[in-house]
Amino acid sequence: MIRVEELDKRYGTFHAVRGVSFEVGRGEVVGLLGPNGAGKTTTMRILCGCIGATSGRALIDGKDVLEDPQAVKRRIGYLPEVPPLYPTMSVREYVRFAATIKGVDDVEAAAERAIARVGLADVAHRVVDHLSKGFRQRVGLAQALVHDPDVLVLDEPTSGLDPAQRVEIRELLRELAAGERTVILSTHVLGEVEAVAERVIVIHQGRVVAQDRIEKLARGGAARLRVARPALELEQALARVPGVAAVHGEGHGAFRIEAVADLADTDGLRAAVAQAAVPFGLLELGAAEGLEDVYLRLTAGTGPDPRDHGRPLAPGQES
């Protein structure tokens, strides 16, 4: 559904996006992760046809964003970090307005469907400026959904919300992601990605530094084991487990188990490791790294790229 090929974006001498490539399949939910200034928002804006790329290309269902922008925009619903709301309009007026400018055939019916879908029916008559931040985010989602797009691009959809509002929007995103709709979600809250997305793409200093399914990336093909009675015999038994590449003792009964490259059945490996460790008093067996650990390792050193030293950040390139 989405294919990005060697995408580059420069603002004068500032290099915001550097050779970004990835694919997202139909019905897939993908989290786009990275620190501020990594290039996430720039990549999303290029995907949605809001800005052009310096080089490379982005395609939505085979349509080139640059060559056929109108066809692409009909397929995409975009929610920027700050929703483009008109505060003096009522919710219903605004969503109808969004449906009109997006060329929807039956504006009123489409607006009512979108309003109901995001849980705004009870406040549809209220002025947007009188709503809470959580409800305003829902209005932004309604405008992104009003033309029933195949692809949703959501940039920090829970930014500035309190914990209860975050849970509400997270549940709504789960519902929206169900089925064949493709979703790209950018957020700094890793728990939201783990709750909603199936796969993540990590961008750092304008480049893709990792992309994989969450469980595979978080586990890193390894496990951490702790036993009550460590012994050389345990290390030998672990080394004989099919799929184990190396065993590293970390002291105090703790071991790090490295898997062979591209091991598909990590659950089977962990079960075999547990079986080997039981005679030695198995105390703990878990992933060697969580998603947060992986993210911090991949984005270590979040300062400016040395090649951009002294170059100002371009307007709007905060993420």
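The values are calculated or read from the model by the stated rules, or taken from the named source; none is laboratory data. Since this is a predicted model, take the numbers as computed values, not measurements. Neighbour counts run over all protein chains shown; Cβ positions are idealised from the backbone, glycine included.
Please work out if Leu225 is more than 26 Å from Cys50 (Cβ to Cβ), surrounded by 18 or more Cβ atoms within 10 Å (Cβ to Cβ) and in contact with a helix residue (DSSP H, G or I) (Cβ under 7 Å, 6 or more places away or on another chain). Can you show your working first?
Numbers: more than 26 Å from Cys50 (Cβ to Cβ): yes; surrounded by 18 or more Cβ atoms within 10 Å (Cβ to Cβ): yes; in contact with a helix residue (DSSP H, G or I) (Cβ under 7 Å, 6 or more places away or on another chain): yes.
Yes, satisfied.
Which ranges mark the strands (runs of 3 or more DSSP E) fully within segment 192-254 that have 2 or more residues being over 19 Å from Pro279 (Cα atoms)? Reasoning before the result, please.
Working: elements: 199-204, 207-213, 222-227, 244-251.
So the answer is 199-204, 207-213, 244-251.
Restricting to segment 161-188, give me the number of residues that are touching an Asp or Glu at 6+ places or on another chain (Cβ under 9 Å) and part of a loop (DSSP other than H, G, I, E, B).
The total comes to 5.
Suppose the filter is in the same structural domain as Glu198 (by TED's automatic domain parsing), outside any strand (DSSP E or B), touching a Pro at 6+ places or on another chain (Cβ under 8 Å) and touching a residue at least 24 places away in the same chain (Cβ under 8 Å); does Gly37 pass it?
On the way: in the same structural domain as Glu198 (by TED's automatic domain parsing): yes; outside any strand (DSSP E or B): yes; touching a Pro at 6+ places or on another chain (Cβ under 8 Å): yes; touching a residue at least 24 places away in the same chain (Cβ under 8 Å): yes.
It is true that Gly37 is in the same structural domain as Glu198 (by TED's automatic domain parsing), outside any strand (DSSP E or B), touching a Pro at 6+ places or on another chain (Cβ under 8 Å) and touching a residue at least 24 places away in the same chain (Cβ under 8 Å).
For Tyr94, work out the one condition from (1) of a type in the set (Phe, Trp, Tyr); (2) within 24 Å of the chain's Cα centre (by Cα); (3) in a helix (DSSP H, G or I) it doesn't fulfil.
(2) is the only condition that Tyr94 fails.
Could you please tell me which pairs satisfy a Cβ distance under 7 Å, a separation of 6+ or placement on different chains, a first residue in segment 1-29 that is closer than 23 Å to Glu194 by Cα, and a second residue that is among the basic types (Lys, Arg) and buried (at least 18 other Cβ atoms within 10 Å of the Cβ)?
That search, which allows pairs on different chains as well, returns Gly27/Arg181; Glu28/Arg199.
Which one of these does Ala16 not meet: (1) among the aliphatic types (A, V, I, L, M); (2) surrounded by fewer than 21 Cβ atoms within 10 Å (Cβ to Cβ); (3) in contact with a helix residue (DSSP H, G or I) (Cβ under 8 Å, 6 or more places away or on another chain)?
(2) is the only condition that Ala16 fails.
Looking at Pro157, Pro149 in this structure, which one is assigned by TED's automatic domain parsing to the domain that holds Leu32, within 21 Å of Leu32 (Cβ to Cβ), more than 18 Å from the chain's Cα centre (by Cα) and assigned to a loop (DSSP other than H, G, I, E, B)?
Values: Pro157 fails: more than 18 Å from the chain's Cα centre (by Cα).
None of the others qualify; the one that does is Pro149.
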